[in-house]
Amino acid sequence: MIRAVLNLSRRQKSGIFLVLDMALVPLAFQIAWALHNSAPVEGDGARMLAYLMLLMVAAGLLSSQLGLASLQLKAYHGAAVFRSGMLAMALAAAFWGLSLIERTPVHPGVLIIFGLVYFVLYFVARHGLLWFVTQIYRRSSVVTRIAIYGAGQSGVQLARELRGRPNLMAYAFLDDNAMLRGMNLDGLPVYPGIHADRVAAHYKIDRVIMAMPTVSESKQALIARRLEAMGLEVLTLPYFAQLIGGEEIMGKLVPTNPANLLMREPLDVAMTAGLRAYEGETVLISGAGGSIGLELCRQVVSCAPRKMVLFELSELALYTAQTEIAALAESAGIEIVPVLGSIADPVLVAEVFARHGIGIVLHAAAYKHVPLVEANARAGIANNVLGTAVLARAARDAAVKRFVLVSSDKAVRPGNLMGASKRMAELICQDLAERSNQTIFSIVRFGNVLGSSGSVVPLFQEQIARGGPITLTDERVTRFFMTIQEASRLVLLAGSFAAGGEVFVLDMGKPMRIGDLARRLIKVAGYTVRDAENPDGDIEIVTTGMRPGEKLHEELSLRKGMQTTAHPKIIRVREDHLSEIEVASGLRDLRDAIDAGSDEGVIEVVARMVREYAPQNLPGDAPQIRIAGARTPPETPAE
């Protein structure tokens, strides 16, 4: 039976509705006479039968003309209900007209009751059929059951478009706006977002589409993670600008999970070891408001620490992080301590370690945007290098158990100041690891992170939303990519594996061409690439040339000898490091150059400490950020 209903053609369904609309006429006729407590005049039976036949024909013709017979069941609301009322009124008027023509008076009460009863029967029949078909669809694996998160303009527009797709069925809206709860919009009930699990269980929801283009990406990501934890597939609508015009919304749905863009299977990184290493500890996360720092905070919560100290330079980023993490940690009884300030402030850092008894440090604070650090050498080096030195030495002096530095593949044979600064931070940690008996220092190095503040993905999505073009520095550029979730999990796991001084890298497979990533983003957004082969495409890709300090290809390690760890995707590397005297003298000279306000002096010290680094800007040259075709994506300080 289920298969038979699902296989009905559009014409067959319209035929069923037409027969039903006609069959309701004699039923309404009988009920009207019964309710009026009267009967047709004796001997008028044949005439009344003729009336019925004519009214049934009229009902069929009017139903077709008003578009009711071809209307989908889930579209029967609002204007459609009004049209069914017009049909009932028209049939009552036709009944009255026939009685006048045949000079067989019918009491006005019968005519009124007939129209009202027909309308009620029509309404009940349509909703009864909808309930019946809904039950069938619920038991079918062919139909995808959908809930729409966001009951605003975009959500309602999406719900209307879904009605034209027989394999998709929207059942409800989810929305966090308390004013909308209990309402019915466009035929769908609105439930609070906090009850998403109940809604999913009640309607057997398969997929949730997030239609909240004006809500911040961080909040959408938080909601998406909660929904995905329930086993639901989550899609999102891109920027609201993409909804303007006559294009269909469904073609603009993209997966919220950035792993779908990697063209590889997501890494299955078990957290068993990480849970034990961080359980009951006081964990300090520097750069807690940055992309990676905030994701580290989220995942540390699941490790059940005793206390979390969120260290952040940006007031807004710290407030946002504290609000989200406090909500996640409340049920677990984890204390959240926000600390506003710079890791380069030795007095503040020492006070934080002494007051809170820090056991583990996850150091994610850094300036990561290559052109900005290139153009602001002193600020970038002071934050990334001297800040690391202050934090790492304070951790050693406080006998912290573990110190984990979040590094970058740009630290390998660095072609820019940002990469060189990360390599210097690594050298500082390696030096302390050689001379520390209580604190285990380790380094986690990985490639680009999809969805982070410095990722190309948000920039490409913004350019697509504006209608293009997408700007590439060079078609040959390749990068290693991973998701924020994968990167953060690696940091926690590697930190628990460390014995001291290691550099951990992730086996991320083959690097991806940035051009391929751009084309994939265009495709999932529902557009086509405009090029010589397809001049009528939607989005053009423009090559702007390499920016200062950029390399065509990145590496993850200098050394050939690598060892596996407890997880097959995490690799342990022993990199060369400087002597204690070299590190100390280099940091002293670096402070002197920064205090003297000399970018040239800073670059010279960096080049001396990081032997693989060859400055692209000679002393006296002012590094410039080259902007072509679109703005350079802003890098939010991760500190």
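Numbers below:
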{"read-out": "Taking all pairs of distinct alpha-carbon atoms in the range 336-392, Kirkwood radius in angstrom", "value": "12.4 Å"}
{"read-out": "Karplus-derived 3J(HN,Hα), 6.51/-1.76/1.60, for each residue of the range 434-440, Hz, glycine and proline x", "value": "6, 10, 10, 9, 10, 9, 8"}
{"read-out": "Mean Cβ count within 10 Å, highest first, over the residues of peptides 527-535, 354-362", "value": "354-362, 527-535"}
{"read-out": "Residue exposure sequence - Met56, Met179, Met424 - by fewest surrounding Cβ within 10 Å", "value": "Met179, Met56, Met424"}
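Quick note: the coordinates plus some simple rules give every number you see, no bench work behind them. Treat the numbers as computed from the prediction; the structure is a model and nothing was measured. Here Cβ is always computed from backbone atoms with ideal geometry, including for glycine, and neighbour counts include all displayed protein chains.
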